[in-house]
Amino acid sequence: MQKIFIVISTILLLFLSIPLIKLIFGIPINTYISTLQDNETINSIILTMKVSLYSTIIVLILGLPLAYLLARYNFFGKSLIESLIDIPTMIPHTAAGIALLITFGKTFENIGLSFIDSTTGIMFAMMFLSAPYLINSAKEGFKNVDVKLENVAKSLGANSFETFIKIVIPNSKKDIINGMLMMWARGLGEFGAVVIITYHPMVAPVLIYDKFINFGLDYSTPVAAVMIIFSIIVFIIVRFLNNKFN
Amino acid sequence: MLIINNLFLKKGNFKLNIPFIEIGDKEYFVLLGKTGSGKTLLLESIIGFHKIEGEIIFNNKNITNLPPQKRHFGFLYQDFALFPHLNVEKNIRFSEKYHSKNSALFNDLVKFLQIKHLLTRDIKNLSGGEKQRVALARAIYSKPKLLLLDEPLSAIDPTMRNEIMKNLKELPKRYNLSIIHVTHNFREASYLANKLAIILNGSILQIGDAKTVLKQPNSLEVAKFLGFKNIFPVSLLGFENSHSYFSIDPNQIIISKEKLNFDFCFEGVIKEIMGITDHYKIFVEVMNNQFFIKASKHILDSLKIKNNQKIYICFNKKDIVFI
């Protein structure tokens with residue numbers, strides 16, 4: 001049985017890796033160089049990474065208390081809240097974009113802030129669709145922290161908030177960082193909701209789509225490859241550091 | 001002094017119901033009970049991890065609604081709950097952020113509990129005994145007036161237990177604190193306790209001076225829990241008194257082929273003889289009651305008795321415990 005499982009697993013792993021390998025290694029080096037010299041592409045990639053990082057930080061601040069409540073307490077409506085958190089991963093992203101647009105578009109306009117075609121719009125789209133990755137990962141991390149550690153910390157003089165900061169967070173940081181990484185990476189790939197709210201300034205997925213529609217595959221492929229390489233580099237560095245320091 | 005008045009707590013189907021407990025200064029109080037009897041829940045209620053009905057008074061102050069961090073009680077869990085992200089010294093010094101730093105106390109604890117060589121170690125690499133000493137140091141370093149110990153010796157290698165028990169017994173006087181120690185181990189209880197309570201199914205069945213509770217159970221339930229053997233109705237002895245049952249230690253019963261000059265001698269029939277390494281367990285039926293007797297191999301061999309043989313079992317009144 002083990003051999004059959006290995007064969008089946010290999011087929012799946014090849015299916016997952018070959019398109020990426022073909023994309024990255026199918027482009028001549030001089031095309032990479034010219035893509036890296038293209039300001040529009042680089043600015044788009046930096047914008048994507050930056051805004052995805054901002055949305056991750058905001059969800060970190062807002063999501064950790066929620067993740068902790070879900071991990072530690074049983075209360076009426078808990079299943080409903082957990083389902084609510086997971087809904088964005090199930091609905092079409094374009095639908096999510098429209099929902100965000102009709103909810104915040106006018107409101108922002110009314111108070112003189114920009115939402116449509118702004119980085120705020122991109123950030124909201126990323127936060128809405130990627131938050132479950134961070135919240136769920138942090139929740140699992142909190143569940144793995146023995147409640148007795150918290151009790152002992154309180155008996156030693158720490159209040160609930162100090163216990164959360166000094167005991168719960170340090171002992172669940174691996175899951176929290178993994179969740180941040182997953183959310184950030186998911187944010188980088190957000191297209192459906194972003195394209196509804198903010199076509200300009202273009203995040204990398206929108207730029208890839210734009211180049212594909214207007215100039216064809218030859219112009220969109222290098223942008224896609226560079227974006228993937230950048231993401232993989234950041235992903236590997238953070239994962240490495242996270243594992244090393246835990 | 002700690003006083004618990006009408007403490008009530010319901011967790012699922014389990015109810016903890018403690019009408020009254022009083023624990024004096026520097027007293028070593030042991031709460032003895034089976035697993036699932038509510039011992040840990042009571043400790044956690046005393047320190048404030050659960051909201052309870054009733055009241056807890058400590059040094060004349062009602063602390064029922066105080067959060068754990070304001071009660072200044074130390075707590076030691078069965079698995080010690082050392083903080084995995086901190087080394088030994090940082091674990092011990094954790095309370096420094098909330099209480100004043102005390103180098104003299106720190107040094108004394110390190111010396112008393114012999115943990116100097118462990119201070120820079122990661123807690124993952126400690127044995128059960130080392131973890132226990134570190135957790136104890138961490139709890140005492142926060143200068144508690146009351147130390148709550150939840151089965152502190154259960155994860156300790158049996159060879160280390162005697163030494164640690166000696167340390168525990170010394171704590172109240174050395175660090176000016178009272179201790180509540182929960183355990184299911186009679187040996188621990190009889191060695192450590194000044195005062196003892198028996199808890200079963202969330203209720204205290206007997207409380208008092210340790211020696212009295214261990215030697216004179218006040219109910220059939222307590223006697224059975226404490227491992228008393230040969231529990232029979234008092235009427236078997238041929239008289240009535242204020243007690244319903246009596247118990248006689250299997251080691252205090254003499255077995256003989258003839259009636260001896262003891263306060264009580266009963267004729268019975270040997271039902272079973274079980275040979276154990278250095279002694280025999282003999283089961284004798286007397287008027288439909290089965291007595292259990294322990295006898296040395298030497299005595300039994302000299303008597304040359306067999307199953308279904310008639311025999312006398314004799315004991316004195318001074319060895320009887322009335323229940």
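With unit charges on the beta carbon (Lys/Arg positive, Asp/Glu negative), name the residue among B:ILE164, B:HIS117, B:LEU7 whose Cα is farthest towards the positive pole of the charge dipole of the range B:2-225. Of the options given, the answer is B:HIS117. Each residue of the range B:117-247 gets 137 Å³ once the volume of the Cα convex hull is shared out per residue.
In the calculated pair-distance distribution of the protein assembly as shown, the portion above 39 angstrom amounts to 53 percent of the Cα-Cα pairs. Relative to the Cα centre, the charge distribution of the range A:1-102, modelled as +1 at Lys and Arg Cβ and -1 at Asp and Glu Cβ, gives a dipole magnitude of about 320 debye.
The charge dipole of the protein assembly as shown, taken about the Cα centre with unit charges on the Cβ atoms of Lys, Arg (+1) and Asp, Glu (-1), comes to about 1660 debye, rounded to the nearest 20.
Across the range B:172-183, rounded Karplus estimates of 3J(HN,Hα) from the backbone phi angles (6.51 cos²θ - 1.76 cosθ + 1.60, θ = phi - 60°) give x, 6, 5, 10, 6, 9, 9, 10, 10, 10, 9, 7 Hz, Gly and Pro being marked x.
Counting heavy atoms of the protein chains only and a 1.4 Å probe, report the per residue accessible area for the range B:231-322 as a whole number of Å².
Result: 58 Å² per residue.
The accessible-area loss of the range B:44-84 on complex formation, taken against its chain alone with a 1.4 Å probe, reaches 50 Å² or more at B:PHE49, B:GLN69, B:TYR77, B:PHE83. Which angle from 0 to 90°, rounded to the nearest 10, does the C-alpha axis of helix A:119-143 make with the longest principal axis of chain A? Once rounded, the angle reads 40 degrees. The three principal axes of the C-alpha atoms in the range B:195-315 carry coordinate ranges of 48, 36, 23 Å, sorted with the longest axis first.
When you filter the trypsin sites (Lys or Arg not before Pro) in the range B:269-323 for DSSP loop state and at most 14 other Cβ atoms inside 10 Å of their Cβ, you are left with B:LYS304, B:LYS306. Under conditions of 4 °C and 1.567 mPa s, the range A:104-246 yields 73 µm² s⁻¹ as its translational diffusion coefficient, taking Rh as the Kirkwood radius over Cα pairs in the Stokes-Einstein equation.
How large a share of the accessible area of chain A, in percent, is made up of carbon and sulfur atoms when the probe is 1.4 Å and the other protein chains stay in place?
Taking all protein chains in place, chain A shows 71 percent carbon and sulfur surface.
Only alpha carbons enter this Debye calculation for chain B, each as an equal point scatterer, and the log10 of I(q)/I(0) it gives at q = 0.07, 0.09, 0.12, 0.13 Å⁻¹ is -0.39, -0.60, -0.88, -0.96. Contact order for chain B, expressed relative to its length and based on alpha carbon pairs under 8 Å spaced 6+ residues apart, stands at 18 percent.
Once A binds B, the 1.4 Å probe can no longer reach about 1700 Å² of accessible area, counting both sides.
Per residue, the solvent-accessible area of the range B:23-153 (1.4 Å probe, heavy atoms of protein chains only, all protein chains present) comes to 41 Å². Residues of chain A were split at every exposed loop site, defined as chymotrypsin sites (Phe, Trp or Tyr not before Pro) in a DSSP loop with at most 12 other C-beta atoms within 10 angstrom, and the longest piece left, sites excluded, is A:77-244.
For the range B:183-245, taking Cα atoms only, Rg and Dmax work out to 12.9, 38 Å respectively.
Taking θ as phi - 60° and the Karplus parameters 6.51, -1.76 and 1.60, the scalar couplings of the range B:48-65 work out to x, 7, 10, 7, 10, 9, x, 9, 10, 10, 10, 6, 6, 10, 6, 10, 3, 9 Hz in sequence order, x denoting glycine and proline. Computed on the Cα trace of the range A:1-152, the radius of gyration divided by the Kirkwood hydrodynamic radius gives Rg/Rh = 1.09.
Counting GluC sites (Glu not before Pro) as exposed when in a DSSP loop with at most 11 other beta carbons within 10 Å, what is the longest stretch of chain B free of them? Please list the in-between numbers first.
Working: sites that count: B:GLU240, B:GLU258.
Here the longest run is B:1-239.
Dipole orientation for the range B:3-93: of the candidates B:PRO84, B:PRO68, B:ILE47, B:PRO84 has the Cα lying most toward the positive pole (charges on Cβ; Lys, Arg +1; Asp, Glu -1). For the range B:211-218, backbone phi angles converted through the Karplus equation (6.51, -1.76, 1.60; θ = phi - 60°) give residue-by-residue couplings of 4, 5, 4, 6, 9, 10, x, 8 Hz, Gly and Pro being listed as x.
Solvent-accessible surface of chain A, averaged per residue with a 1.4 angstrom probe and all protein chains in place: 55 square angstrom. Note the count of lysine pairs whose C-alpha atoms are less than 28 angstrom apart in the range B:189-278, limited to pairs 8 or more residues apart or on different chains. Total qualifying Lys-Lys pairs in the range B:189-278 comes to 14. Taking trypsin sites (Lys or Arg not before Pro) across the range B:108-197, the ones in a DSSP loop with at most 15 further Cβ atoms lying within 10 angstrom of their Cβ are B:ARG121. Rounded to the nearest 20, the Cβ-based charge dipole of the range B:231-322 about its Cα centre (Lys and Arg +1, Asp and Glu -1) stands at 260 debye.
The values are calculated or read from the model by the stated rules, or taken from the named source; none is laboratory data. Computed from a predicted structure; not experimentally measured. Cβ: placed from backbone, ideal geometry, glycine included. Neighbour counts: every protein chain shown. Accessible surface areas use protein heavy atoms only, side chains included; no ligands, DNA or RNA. Shrake-Rupley method; radii C 1.70, N 1.55, O 1.52, S 1.80 Å.
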